[in-house]
Amino acid sequence: MDTGLNKKLFEEASFYIPGGVNSPVRAFKSVGGPPVFMVSAKGSKIYSYDNKEFIDYCLGWGALILGHSQASVVKTVKNQAEKAILLGAATEQETEFAKMIISAIDSIEQLRLTNSGTEAVMVAIRLSRAFTKRKKIIKFDGCYHGHVDYFLNSPGILDDLKKHTLTCSYNNLQEVKKTIKENKNNIAGIIVEPVAGNTGVILPEKGFLHGLKNLCRENNILLIFDEVITGFRFTFEGYQNILGIKPDLTCLGKIIGGGLPIGACGGKKEIMQMLSPQGEVFHAGTFAGNSMSVSAGLSTLNILRNTNPYKKIEDFTRQLCEGIKSLGKQFNIELKINYIGSLFSIFFTKSPVNDYASAQKQDIEKFKKFYHGLLNEGIYFSPSCFESNFISTSHSQKDIDKTLQAIEKIFKIL
Ligand SMILES: Cc1ncc(COP(=O)(O)O)c(C=O)c1O
């Protein structure tokens with residue numbers, strides 16, 4: 001692919017914007033080369049600055065389950081913009097939105113909207129500490145919960161904050177048990193992605209999430225499901241409903257905003273009522289519950305509820321992933337592909353990937369070559385081997401066939 005134009009655009013962007021991007025992984029550091037600069041998108045396709053068409057499997061990092069600029073969502077957003085872009089006051093729409101989410105996810109009795117998944121997680125952690133009057137939080141290696149201070153290792157973050165975060169390996173219940181024992185009566189919450197999507201896709205092993213729920217119950221710890229990726233992804237509910245687990249708090253984002261910025265924290269009434277102004281746990285936001293995001297979210301959720309497209313996208317995902325698996329066998333390429341619902345990722349490794357450590361064993365150089373092969377063929381995956389890919393209701397059989405043909409071509413020379 002001719003990267004001349006992208007290189008020029010990236011150089012200019014890097015002069016004005018740190019690293020040339022407003023969110024790090026967009027810079028293509030994990031796959032090499034300048035990022036492809038995009039200008040427009042419709043349905044399953046995204047278009048670059050130099051008018052190239054790509055089948056998009058990144059889909060706004062999973063926010064666009066209906067694909068790009070879905071007609072009804074666009075119409076709703078346009079109408080809302082005519083009525084009011086920002087009211088900054090109480091609206092009936094917010095109640096309707098909260099009601100819709102509460103009716104879909106069993107464990108959520110009340111819901112507070114935020115502007116991002118990061119903020120939703122901040123609210124959940126603050127609530128868990130206030131409710132339990134404890135400090136420490138257990139998280140899992142490789143799970144990402146946004147750029148929240150206490151979950152990152154970054155200069156500028158106080159050690160005093162990080163010291164309250166304990167990290168265990170995903171799918172390792174014994175380690176969680178041990179950590180709880182060593183920190184008896186000090187753990188406020190356990191936060192987990194019920195399907196990990198930020199080390200590539202990693203599935204929970206049988207018993208892991210139920211085990212966490214039991215450990216939380218036995219030790220008076222709050223269980224927080226970060227369903228920013230998984231919420232409304234596999235069925236019109238959270239992944240928790242499918243599992244039959246009721247976490248104490250749930251974080252949502254991405255899909256529920258229909259492509260506009262959003263986040264939400266919901267859960268048991270007795271915990272949620274601790275939030276200001278009813279309670280003393282502070283949360284606020286100029287744009288929290290803003291009309292544009294809520295209208296796009298309502299429109300998206302209504303479509304998902306009314307059309308129930310989940311089986312179709314799941315079938316396409318299975319077809320694509322099983323197709324890639326057979327091509328791997330045909331061309332003797334060692335790979336593992338993890339998928340569930342419309343979520344998938346490919347790891348170039350021979351061993352199963354079930355936690356952060358096993359994801360690290362993949363052949364990153366091979367992924368880079370594969371990735372640039374995809375770009376050449378007009379396929380846009382998430383630009384890192386540690387990210388998930390997504391399929392939307394706009395993807396077609398033709399898209400899947402074209403993607404498999406492209407991968408066959410790439411595997412022949414990989
Ligand atoms: C599981 C999970 N939690 C939280 C976040 C943070 O959401 P946001 O980027 O909207 O702040 C992300 C973002 O990718 C995520 O994948």
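The values are calculated or read from the model by the stated rules, or taken from the named source; none is laboratory data. Keep in mind it's a predicted model, so treat the numbers as computed, not measured. So basically every Cβ, Gly included, is an ideal-geometry build from the backbone, and we count neighbours across all protein chains shown.
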### Message
Just checking, does the range 146-164 include any residue being within 10 Å of the ligand (Cβ to nearest atom) and either touching an Asp or Glu at 6+ places or on another chain (Cβ under 6 Å) or of a type in the set (K, R) (or both)?
### Response
no
### Summary
Filtering the range 279-333 for residues that are over 26 Å from T393 (Cβ atoms), assigned to a helix (DSSP H, G or I) and polar (S, T, N, Q) leaves a count of 1
### Query
Are there any pairs with C-beta distances below 6 angstrom linking a residue in the range 139-153 that is more than 16 Å from T230 (Cβ to Cβ) to a residue that is more than 10 Å from the ligand (Cβ to nearest atom) and hydrophobic (A, V, I, L, M, F, W, C), with the two at least 6 apart or on different chains, and if so which?
D149/I157; D149/L161; Y150/L161
### Message
Suppose we keep only residues that are within 12 Å of the ligand (Cβ to nearest atom) and touching a helix residue (DSSP H, G or I) at 6+ places or on another chain (Cβ under 7 Å) within the range 136-145. Which one would you say is farthest from A120 (Cα to Cα)?
### Response
G142
### Task
Might you check whether a residue that is modelled with pLDDT under 95 and outside the structural domain of T300 (by TED's automatic domain parsing) occurs anywhere in the range 63-72?
no
### Query
Do we find a residue being within 16 Å of the ligand (Cβ to nearest atom) and in the same structural domain as I379 (by TED's automatic domain parsing) anywhere in the range 49-57?
yes
### Identity of the residue in the range 219-275, assigned to a strand (DSSP E or B) and over 17 Å from Y144 (Cα atoms), that ends up farthest from the ligand (Cβ to nearest atom)
L275
### Query
Looking at I202, is it touching a Leu at 6+ places or on another chain (Cβ under 9 Å) and buried (at least 17 other Cβ atoms within 10 Å of the Cβ)?
no
### Query
Can T76 be described as away from the ligand (no atom under 16 Å from the Cβ), of a type in the set (S, T, N, Q), out of contact with any helix residue (DSSP H, G or I) (no Cβ under 8 Å at 6 or more places or on another chain) and closer than 20 Å to R305 by Cα?
no
### Query
Which pairs have Cβ atoms under 7 Å, sit 6 or more apart or on different chains, and link a residue in the range 243-256 that is farther than 13 Å from L64 by Cβ to one that is part of a helix (DSSP H, G or I) and of a type in the set (S, T, Y)?
L249/S128
### Task
Give the residues of the range 1-30 that are over 20 Å from the mean Cα position of the chain (by Cα), in contact (Cβ under 8 Å) with a residue 12 or more places away in the chain and assigned to a loop (DSSP other than H, G, I, E, B), sorted by residue number.
M1, D2, T3
### Query
In the range 365-377, what residues are in contact (Cβ under 8 Å) with a residue 24 or more places away in the chain and over 20 Å from S342 (Cα atoms)?
K366, F367, K368, K369, F370, H372, G373, L375, N376, E377
### strands (runs of 3 or more DSSP E) contained entirely in the range 38-127, each with at least 2 residues that are within 30 Å of I187 (Cα to Cα) and under 22 Å from the mean Cα position of the chain (by Cα)
110-114
### Subset of the range 197-218 [charged (D, E, K, R) and either at pLDDT below 95 or part of a loop (DSSP other than H, G, I, E, B) (or both)]
E205, K206
### Query
Looking at the range 141-196, which of its residues are closer than 22 Å to A357 by Cα, of a type in the set (A, V, I, L, M, F, W, C) and part of a loop (DSSP other than H, G, I, E, B)?
C143, L152, V195
### Query
Considering only the range 232-283, how many residues are among the charged types (D, E, K, R) and in contact with an Asp or Glu (Cβ under 7 Å, 6 or more places away or on another chain)?
3
